[in-house]
Amino acid sequence: MEKAKISAFQLFVMIALFEFGSAILIPLAIGAKQDAWLSIVMGMVGGFLLFFIYYRLYLYYPDMLPTGYVQKIIGRIPGKMLAFLYMIYFIYLASRDLRDFGAMLVTSTYPDSPLFVVNALLMLLVIYTLRFGIEVLARTGELLFFLFLLITVSALVLISSSGLIDFRQLQPVLENGFYAVFKTVYMETLYVPFGEAIVFTMIFPYLNERKKLKRVYISAMTLSGLSLAFAMIINVSVLGVDLTSRSQFPILSTIQMIELAEFLERLDVYFLLVLIIGIFFKLSLYFYVAASGIADLFQVKEPSQLIYPMGIIILLSSISIAGSYAEHIEEGLKLATIYVQLPVQVVIPAVLLIIAFFKNKKTKALPA
Amino acid sequence: MKIIGIALLISLFLFALIFGMDLLLKFDVKTSIAAILTPIQIIGPVEIGLLTIFIFFFFALPLFHEYKKKKNKKKPAE
Amino acid sequence: MKSFFKRRKTAVRAKQSSGSEDLIPSSLSANLDTIRQKTGYSPDIIIRTLSIGHYKAAVVYTDGLIDSVPIQESLLEPLLKHEALPKPLPPDEALPIIARQSIALGSIQFTKKYEEAILAVVGGDAVLFMDGTSTAVITDVKGGERRSIQEASTQVSVRGPKEGFTESMATNIALIRRMIHNPNVWVETMKVGKQTKTDVAVMYINGLVSEEVLGEVRRRLKKINMDGVLESGYVEQLIEDETFTPFPTIINTERPDIVTANLLEGRVAIIVNGTPFVLLAPAVFVQFFQSAEDYYSRFDIATAIRMLRVLVFLISLIGPAVYIAATTFHQEMIPTGLLIIVAAQRDNVPFPAFVEALIMEITFEILREAGVRMPKAIGSTVSIVGALVIGQAAVQAGIVSPAMVIIVSITAITSFATPSYSIAMSARLLRFLFMGAAASFGFYGVALIFMAMIVHLCSLRSFGVPYMSPLAPFIAKNVGDTFIRLPLLFSKNRPRLFGHSNPTRSERGQEYDHSVPKGMVNKKTVEGETNET
Amino acid sequence: MKRNLIMSLILAAASFLLAGCWDKRELTDLAIVSALGLDITESGQYVGTFQIVIPSNVASGLQGGGGENLPIAVYKAEADNLIDLHGQLSGKISRQPYYAHTNVIVISEKLAAEEGIAAVFDGIDRGIEFRNTTKVVIARGEKAEMVVQTLTGIDKLPSEKIIKMISLNELIQGEHFNTRVHDVIHTLVSPGSEPLISGVSLKGSAEDGNKQENLQSAQLETAPYANGMAVFKKDKLIGWLDDDLARGTTWTMDKLLSTNLNLDWKDQKNAIAFQVSRQQTEVRVDIKHEKPVISIHVQAEGDIMEVKQAISLNDPHVLADIEKEMNKVIEQDILHSVQKVQQYHADVFGFGEAVHRKDPTYWNKVKKTWDDEMFPSLTVQVNAESFVRRTGLRNKSYWSSIDS
């Protein structure tokens, strides 16, 4: 474990940027039609519940990385294997995010550029960043967060002042009943993006003010969850349900609709910066967590050694992860949620918590 | 060497996962294997160059590090 | 061990040069011979032999480095007039008495070391040797022709003190002392540079300075192993945290008020003899966007101007890059009317936009370099030629487009509008990197390089203090004086990361004075008297 | 040094990338398409007419630019789909056609009526260069080709003239409005609404519009003008709404910005000119006896701009009477256009969507039969409220002094 400390505000920023990351790109929860925003909010609430599982586990072993305490809970060898699989899972998600981003860039702005090169450039940036460790990443996050806020707020002002928003598009609410919304929650929004915050279990031990963790986490989640829901409301009320669900990247289509003063139009390229920030951050976090986890498992003395080879692996797998973007999205939002995310984010942590509970019951009382 | 070993182990598991996902999508085994390789089939000289550099450093960096460590051990700090 | 992920720095062990600890020979003639020999019989080393009572002695000094008035009036005259001691003493004992009785100078110092004595001679002191003893007296008579105190030429301000530092370290220290009358202002001196033996002073306010930073400064200064230190730039490069960065991590300034303000924030000043540029550490990024005048003018104006500077910095960084990216990759984001105008201008230009921009930028850099280094007399010639070549001929010949000339001019002006010369230089260099990125990948390239720059900035530290603080790590208490400047009323805190030994500037802050009428409520007292009816 | 190795890696990568520059397009390699005209031949092939800007002739102030030279060049191609049209163009033009700045797509009446417009828009919607905010107009009674190639006077770019002309009318008179590609697609796909697109016609001889001589007379011989709104059913043009009918439609759709209304007063026709400066229209749906009832509530305010007889406009009671009169005019206007549209069996107002929002379950029942059964037989009530706020710089008109 790296000897580093991050502040509560830094954790807040990291969680917020992470949640925003790629979720802002994809037509999230559009299965719920105009109630997508509702589904996102409910997913967020589900995310809180998951957090309490992770939080309890953290309270049992506050100074340890999950790769360490898994070994304590279920024994050394099985623990190591499980932890290794978790790291593979993080690497897989990192590749998915890289692909999301590359595909977006290639389809929207750089149609003739090879995906490999577009991805490679971002990967080089991430490799460069991660060699400095978590502290620099956290500090970078703080700066980027301000930039991020600035751009999103200005985008919001532009959209609303060009008179595009038509809230009638959000009606009728709950057209297909509550269950249709709920289905997208447990099929989609609970895991992407809220359950994905399981990576932060690997970051919690670095926090310098332990008591603030709960508050920071909940507020960051709320901020990003509500913003995502709000973004979806804007998307649907500008584009309509039909176009939102047909768009590969709804937010981009929304930005493209801006026409102001015959001057501020076709702004999607400016908005690209927001997307780069989000993806860069999400990717870096997955990658960092995977690298530090692997280093912990294999007792690598200098984790920075791992960054470059792992970066290349992520880069290559981001290319071969799917033949087409359609396959990529199908895999990510339908298959992976049920077969990968559900067990990894919900079932296994819950089981671990139960075992840990019984193991620790005898030895010590739970610290508040 | 350890680093390369770990990296290869990771890629083995990762590509197994990707392959498994393709199978779950109800593709047959042959298409699934092909799906892993297709994206790097249409490739220009620039990309080949980049890819070569990347893969070269993939092996070179850890080996270089190993070499340096050995040299440092032989010649301990004064 | 700071961090796993960091490259571990292998400590370079500086070989301490063990100088010869030779003592001064007690025979005066032998001694003087050695001195002559060691200085190569240089005519500017003056050796004045004299007798003090019945002792033979000699005063040695370097012509031009000393002030001749005190040498004559306070050193030679009293010594020559010295009356014989009541009883003869051995020279060893006599010398201190003579020195005490007859040398009418502020600073005297005894030494037995030959090395020290000779260094004092070439350093501008006068040294008194006496036959029969190996003790010598070093007297401070430094002087000679120096530049007088003038207005700082690199950091000009409309309002504020006009004094700038000079080349003399003593004067510089005095200038700072004049602004803080406080015994806690401490100065430590050392000599740096194997050959030059340059005087370097470390100045700080005891009790405000952070001990870690101070210790680090001392350590790094001692580690310098270089034959010559000619300017504070040498010291700056030798003690900075990160060599491979385009950004300055140490501030240099010519103004005593800036140094004073920074000392008050808990920073350390490093004054190098022979240069008017004083170094300040630790530095943070936002400081390079602040000028002393910000604090002397009203806060709202200062804030607005600081914002403007950030904008200026951004333009000078990415101005040409944005033009290249927009015209070669993202034509859709240029409004139609503008696009048609730009397209019409570029219709006959034979180069791609990137090459065009490169030609113009490099031409401009050449002009600037020529303008700086040239004798002043022909300066105007260059500007006329430059203006004609760039502004008129190139456009009329169709080699560059007028739009490009506008872009280059704007970036040129912006690079002069940054208050700190050193940060303007970084932008100047990075601009070409951004242009290259824009030419190969449009805005994506620009954004990536921009992010890499941010990461790089965040990874920098200056004497252990994160370079981007108080923005990253975000320190709410200190944000009042960054790209914005809150009214002085609210500036109660020193920078937390290094001013922590005494974090508050005044115990209760500068309280708002409620007794002064501000509104309708209790206006009458003052208003009634001053209103002209 | 490991750091140097990494740096050299990045530099090597960068040098390779500099050699790449895949999506680089110099401005001098682009042909900016400002308008695209779409016609159809007898054999069912598309004919695309591309209006391409010649920048140096548009941007004035440059040496030799502006003035005498034509601002546009027009190219034609024939193919089965839009992308192929683009391909066909490549043998005829030296620069790559670039569509991000295309202002307007002109579709011929024939294509819209016979072939339908749905087939046109997928390529535009999907492609990344075309914007969803590009405007669409229908060439009424004319080939799209002719509209696209006609030169115009004040605005050098004909495409700009068309767009600005329509949006000016939208701002002042409210008989036309610009329809974006996005709106067309949106109304096409949603079951409870149909597209409504402005029409453009040419006055004078269409053949001569593309010649420099056309610009030589102060009153252009040939020039495009806005002419009615095209009503679509599904994706086929089925009729036109003109003048007041078009305005009534705009009014119902709450898209009216301002307009002029003429009132009869004391047996004199059009004696009062009233300018509506602000208005609000609300469409309410009530489902009564399994039948939707639409009530349109209009609130409008504005100024009296002109009178033709002695009306004492300083008398509030008179103004109240005028308001009453005006309510009638507005109600008539709207009712007429609603009835007209009902005859077309095409719900351009989006009443269906309103029903959908009001009662989704009911909507699901009537969705199928909406266009042909429900919509034509809808009961529509109009209720207008208008307010005269000001009467200009004078109170009584000088008519009162002349008459007495």
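The values are calculated or read from the model by the stated rules, or taken from the named source; none is laboratory data. Here the structure is a predicted model, which means the values were calculated and not measured. Neighbour counts are summed over all protein chains in view; Cβ atoms, including those assigned to glycine, are modelled from backbone coordinates with ideal geometry.
May I ask you to verify whether residue A:286 is within 9 Å of another protein chain (Cβ to nearest Cβ) and either on the phi > 0 side of the Ramachandran plot or of a type outside the set (S, T, N, Q) (or both)?
So residue A:286 fails the test.
When you check residue A:327 against the structure, is it facing chain B (nearest Cβ under 10 Å), farther than 30 Å from residue B:59 by Cβ and buried (at least 21 other Cβ atoms within 10 Å of the Cβ), yes or no?
no
Being over 30 Å from residue D:102 (Cβ atoms), crowded, with 18+ Cβ neighbours inside 10 Å and assigned by TED's automatic domain parsing to the domain that holds residue C:306 is true for just one of C:381, C:418, C:336, C:363. Which residue is that?
C:418
Please state which of the following conditions residue B:45 fails to meet, knowing it meets all the rest: (1) more than 8 Å from chain A (Cβ to nearest Cβ); (2) under 12 Å from the mean Cα position of the chain (by Cα).
(2)
Can you tell me which of C:243, C:275, C:198 is surrounded by fewer than 21 Cβ atoms within 10 Å (Cβ to Cβ) and β-branched (Val, Ile, Thr)?
C:243
Could you grab me the full set of residues in region D:82-117 that are among the aliphatic types (A, V, I, L, M), part of a helix (DSSP H, G or I) and farther than 25 Å from residue D:179 by Cβ?
D:89
For region C:91-131, give me the residue count where each residue is part of a helix (DSSP H, G or I) and at positive phi.
0
Is it the case that region A:112-130 has a residue that's within 20 Å of residue A:19 (Cα to Cα), at the interface with chain C (Cβ under 10 Å from one of its Cβ atoms) and of a type in the set (Gly, Ala, Ser)?
Checked region A:112-130: no residue is within 20 Å of residue A:19 (Cα to Cα), at the interface with chain C (Cβ under 10 Å from one of its Cβ atoms) and of a type in the set (Gly, Ala, Ser).
Select from region D:66-81 the residues that are crowded, with 19+ Cβ neighbours inside 10 Å and either modelled with pLDDT under 85 or assigned to a loop (DSSP other than H, G, I, E, B) (or both) and list them in ascending order.
D:71
Any residue at all in region D:131-150 that is surrounded by fewer than 23 Cβ atoms within 10 Å (Cβ to Cβ) and hydrophobic (A, V, I, L, M, F, W, C)?
no
Counting only residues that are touching a helix residue (DSSP H, G or I) at 6+ places or on another chain (Cβ under 7 Å) and more than 16 Å from residue A:112 (Cβ to Cβ), which one in region B:40-54 is modelled with the lowest pLDDT?
B:40
Looking for something under 19 Å from residue A:93 (Cα atoms) and either more than 7 Å from every other protein chain (Cβ to nearest Cβ) or surrounded by fewer than 15 Cβ atoms within 10 Å (Cβ to Cβ) (or both) - is there at least one such residue anywhere in region B:49-57?
no
Quick check on my filter: what residues within region C:63-90 are in contact with a helix residue (DSSP H, G or I) (Cβ under 6 Å, 6 or more places away or on another chain) and in a helix (DSSP H, G or I)?
Within region C:63-90, C:78, C:79 qualify.
Look at region C:346-378 and say how many of its residues are over 18 Å from residue C:317 (Cα atoms), in a helix (DSSP H, G or I) and within 7 Å of chain D (Cβ to nearest Cβ).
1
For residue A:335, all conditions in the list (1) farther than 26 Å from residue A:184 by Cα; (2) within 7 Å of another protein chain (Cβ to nearest Cβ) hold save one; what is the number of the exception?
Result: residue A:335 fails condition (1) only.
Does residue A:82 meet the test of being more than 11 Å from chain C (Cβ to nearest Cβ) and within 24 Å of residue A:307 (Cα to Cα)?
When the stated conditions are applied, residue A:82 passes them.
Taking region D:180-214 as the search range and keeping residues that are within 14 Å of chain A (Cβ to nearest Cβ) and of a type in the set (Val, Ile, Thr), which one is surrounded by the fewest Cβ atoms within 10 Å (Cβ to Cβ)?
If we take residues in region D:180-214 being within 14 Å of chain A (Cβ to nearest Cβ) and of a type in the set (Val, Ile, Thr), then D:189 is surrounded by the fewest Cβ atoms within 10 Å (Cβ to Cβ).
When both residues are 6+ apart or on different chains and their Cβ atoms are under 6 Å apart, which pairs have a first residue that lies in region A:298-317 and is within 16 Å of residue B:13 (Cα to Cα) and more than 8 Å from chain B (Cβ to nearest Cβ), and a second that is crowded, with 22+ Cβ neighbours inside 10 Å and polar (S, T, N, Q)?
From residues that are within 16 Å of residue B:13 (Cα to Cα) and more than 8 Å from chain B (Cβ to nearest Cβ), the pairs are A:314/A:95.
Please note which helices (runs of 4 or more DSSP H) are completely contained in region D:259-369 and include at least 2 residues that are surrounded by 15 or more Cβ atoms within 10 Å (Cβ to Cβ) and within 14 Å of chain A (Cβ to nearest Cβ).
So the answer is D:351-358, D:360-366.
Among the residues of region A:140-159, is any in a loop (DSSP other than H, G, I, E, B), surrounded by fewer than 19 Cβ atoms within 10 Å (Cβ to Cβ) and out of contact with any Pro (no Cβ under 7 Å at 6 or more places or on another chain)?
Taking every residue of region A:140-159 in turn, none turns out to be in a loop (DSSP other than H, G, I, E, B), surrounded by fewer than 19 Cβ atoms within 10 Å (Cβ to Cβ) and out of contact with any Pro (no Cβ under 7 Å at 6 or more places or on another chain).
Could you tell me which residue of region D:173-209 is farthest from residue A:257 (Cα to Cα), considering only residues that are assigned to a loop (DSSP other than H, G, I, E, B), among the small types (Gly, Ala, Ser) and touching a Gly at 6+ places or on another chain (Cβ under 8 Å)?
My answer is D:192.
Select from region C:198-221 the residues that are outside any helix (DSSP H, G or I) and either among the β-branched types (Val, Ile, Thr) or touching a Gly at 6+ places or on another chain (Cβ under 7 Å) (or both) and list them in ascending order.
C:198, C:200, C:202, C:205, C:208, C:209, C:210
Would you pick out the residues in region C:264-316 that are of a type in the set (Phe, Trp, Tyr) and part of a helix (DSSP H, G or I)?
Scanning region C:264-316 gives C:285, C:288, C:289, C:295, C:296, C:299, C:313.
Rundown of residues vs (1) within 14 Å of chain C (Cβ to nearest Cβ); (2) in contact with a Phe, Trp or Tyr (Cβ under 9 Å, 6 or more places away or on another chain), yes/no style:
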position: A:136; (1), (2): yes, yes
position: A:147; (1), (2): yes, no
position: A:153; (1), (2): no, no
position: A:158; (1), (2): yes, no
position: A:165; (1), (2): no, no
position: A:173; (1), (2): no, no
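Check off (1) outside any loop (DSSP other than H, G, I, E, B); (2) within 19 Å of residue D:53 (Cα to Cα); (3) within 14 Å of chain A (Cβ to nearest Cβ) for residue D:145 and give me the number that stays unchecked.
Single failed check for residue D:145: (3).
Would you mind stating whether residue A:263 is farther than 30 Å from residue A:315 by Cα and of a type in the set (Phe, Trp, Tyr)?
Yes; evaluated as a whole, the condition is true for this residue.
Hey, among C:415, C:409, which residue is on the phi < 0 side of the Ramachandran plot, more than 14 Å from chain A (Cβ to nearest Cβ), out of contact with any Cys (no Cβ under 8 Å at 6 or more places or on another chain) and touching a residue at least 60 places away in the same chain (Cβ under 8 Å)?
Every option except C:415 fails the conditions.
Have a look at B:24, B:37 and point out the one that is surrounded by 12 or more Cβ atoms within 10 Å (Cβ to Cβ), more than 20 Å from residue A:303 (Cβ to Cβ), at the interface with chain A (Cβ under 10 Å from one of its Cβ atoms) and touching a helix residue (DSSP H, G or I) at 6+ places or on another chain (Cβ under 8 Å).
B:24
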